[in-house]
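Chemist: Structure incoming, see below.
Values quoted throughout were computed directly from the atomic coordinates according to the rules given, and no laboratory measurement underlies them. Remember, predicted model here, so these are calculated numbers, not experimental data. Cβ atoms come from the backbone with ideal geometry, glycine included; neighbour counts cover every protein chain shown.
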Amino acid sequence: MLRYMTAGESHGQCLIAVLDGMIAGLGIDKKFIDSELTRRQSGFGRGARMKIEKDTARILSGVRKNETIGSSIAVLIDNKDFSIDKLPVVVCPRPGHADLAGAIKYNRYDVRDVLERSSARETAVRVAVGAICKLLLEEFNIGIESKVLEIGGVGAGLAPALSGQPQGLPLRIIERISTAQKKGDTVGGIFEVIATGAPLGLGSYAQADKRLTSRLAAALMSIQAIKGVEIGLGFESAKRYGSEVHDAIFYDKAKGFYRKTNNAGGIEGGVTNGEPIVARCAMKPISTLLNALPSVDIKTKKASKATVERSDICAVGPAGVVGEAVVAFELANAMLEKFGGDSLGEMKRNYEGYVKQVKDF
């Protein structure tokens, strides 16, 4: 019911997204969309590109007088660093990137034709789409946030955040990123996305592609550099007894059915159970290393060093913002599937009737 596509290259003229299926009557706050784009650009360990680009969204269609009108929403983000046709040919693919596989797949002997589209720069316009979806979810008191849990093997909670430190990161993490930078290396990490307020009953166990767990996992895995996703207790649940994993059910006349734990991460059998939705993602270190790894020139077939592109040292925090965006899209889609309607008013009427049904169960 809700779908989107993106277009554009890292150093192309712009990035574009078309969001189709959004209901009419939703208020659009452009300042909020731009603030989400700023969040994606922030973080200790970001590269020089973020000093060039000041991402703002231009809404080209589907919105009139700051309100959706039911037609497809087109969003454009200009690239200030628009130099794609002037950049040098790339012949030495980077290990860990789409470079070599993409070049062979599409029969391109300039790897730039691959890296320009496979770049994480594409996520900027996905954050804009996610921001619109967040605005819809806020109408139903559903909130989404993310937080960094670990960077380069160092837990974010191991040391207190000191005033004046970038983004309030613990000193040990700042040192870890700084060390990687000095070595010409990169670091990855783990972030968590939490959605609160989602009603019981989103998703379905009836078909595999309707399970909300599979849809969230696919969305999060679609983010560049993400190598693992878990919902709730995730991989830890494989190590424990069932009695230590499953969330016991309780009932109170005032609040109905509830849980005292949330190891399931808010989803059971592919269906939301009313508890917060919790997903964690493992992000690998970024593939571009200043101290480049061994590679092969795809034209001469001689040993060489991988190409060095301008890049980040660490982008785990910004990746969490992208994680929020793709989760927002999937939850907005699930809400529209569940409650339908062509306008916000109609959708709210359907929602309110269902909430009463759940309360009276």
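Chemist: Report, in debye and to the nearest 20, how large the dipole of the range 1-73 comes out about its Cα centre when Lys and Arg carry +1 and Asp and Glu carry -1 on their Cβ.
Modeler: 220
Chemist: Can you tell me which aspartates and glutamates have their Cα less than 17 Å from the Cα of K299? Leave out same-chain residues fewer than eight positions away.
Modeler: Qualifying aspartates and glutamates at Cα under 17 Å: D99, D110, D113.
Chemist: Got a sec? How would I231, I277, I52 order by Cβ neighbour count within 10 Å, fewest to most?
Modeler: I52, I231, I277
Chemist: Using the charge dipole of the chain (Lys, Arg: +1 at Cβ; Asp, Glu: -1 at Cβ; taken about the Cα centre), state which of A7, H246, I52 has its Cα farthest towards the positive end.
Modeler: Projecting each Cα onto the dipole axis, the largest value belongs to I52.
Chemist: Could I ask something else about it? What whole-number distance in Å separates the alpha-carbon centres of the range 33-66 and the range 299-350?
Modeler: Between the Cα centres of the range 33-66 and the range 299-350 lies a distance of 14 Å.
Chemist: Which pairs break 26 Å Cα to Cα here: K210/K239; K31/K356; K30/K86; K54/K147?
Modeler: From K210/K239; K31/K356; K30/K86; K54/K147, over 26 Å: K210/K239; K31/K356; K30/K86.
Chemist: Now for a different question. Using a simple charge model, +1 on the beta-carbon of Lys and Arg, -1 on the beta-carbon of Asp and Glu, nothing else, what dipole does the range 22-160 show about its Cα centre, in debye to the nearest 20?
Modeler: It works out to roughly 260 debye.
Chemist: Sequence neighbours fewer than 8 away in the same chain don't count; with that in mind, list the aspartates and glutamates whose C-alpha is under 15 Å from K51.
Modeler: D78, D81, D312
Chemist: Taking springs between alpha-carbon atoms closer than 10 angstrom, which of V129, V63, V321 fluctuates most in the Gaussian network model of the chain?
Modeler: Checking each option, the largest mean-square fluctuation is seen for V63.
Chemist: Still on this structure: Of all the C-alpha pairs in the range 213-361, what % are more than 27 Å from each other?
Modeler: Everything past 27 Å amounts to 46 percent.
Chemist: Here is a follow-up. Helix by helix, which DSSP H runs in the chain go 15 Å or more along their axis at the Cα atoms and have an average Kyte-Doolittle hydropathy of 0.5 or more?
Modeler: Result, helices passing both filters: 123-138, 316-339.
Chemist: Right, something else. Which aspartates and glutamates have a Cα less than 17 Å from the Cα of K260, not counting those fewer than 8 places away in the same chain?
Modeler: E244, D247, D252, E268, E275
Chemist: I'd like to know which of G323, T213, F361 lies farthest towards the positive end of the charge dipole of the chain, counting +1 on Cβ of Lys and Arg and -1 on Cβ of Asp and Glu.
Modeler: The listed residue farthest towards the positive side: G323.
Chemist: For the range 299-345, I need the span (max minus min coordinate) of the C-alpha atoms along each principal axis, in Å, sorted largest to smallest.
Modeler: Computed over the Cα atoms, the extents are 62, 27, 14 Å.
Chemist: First measure r as the distance between the Cβ atoms of I249 and L171, then evaluate 1/(1 + (r/R0)^6) with R0 = 45 Å and state the FRET efficiency to the nearest 0.05.
Modeler: 0.60
Chemist: Given an 8 Å cut-off on Cα distances and at least 6 residues of separation, report the relative contact order of the range 22-100 as a percent.
Modeler: 32
Chemist: Could I ask something else about it? For the chain, just the Cα atoms, rotate onto the principal axes and tell me the three extents in Å, largest first.
Modeler: Principal-axis extents of the Cα atoms in the chain, largest first: 71, 51, 44 Å.
Chemist: Evaluate the relative contact order of the chain (contact order divided by residue number), counting alpha-carbon pairs under 8 angstrom at least 6 apart; express in whole percent.
Modeler: 23
Chemist: Taking 0.36 nm per residue of separation and subtracting the Cα-Cα distance, what length does fully extending K239 through V89 add?
Modeler: Contour length minus Cα-Cα distance gives 49.1 nm.
Chemist: With +1 on the Cβ of every Lys and Arg and -1 on the Cβ of every Asp and Glu, and nothing else charged, how large is the dipole of the chain about its Cα centre, in debye rounded to the nearest 20?
Modeler: Result for the chain is approximately 760 debye, rounded to the nearest 20.
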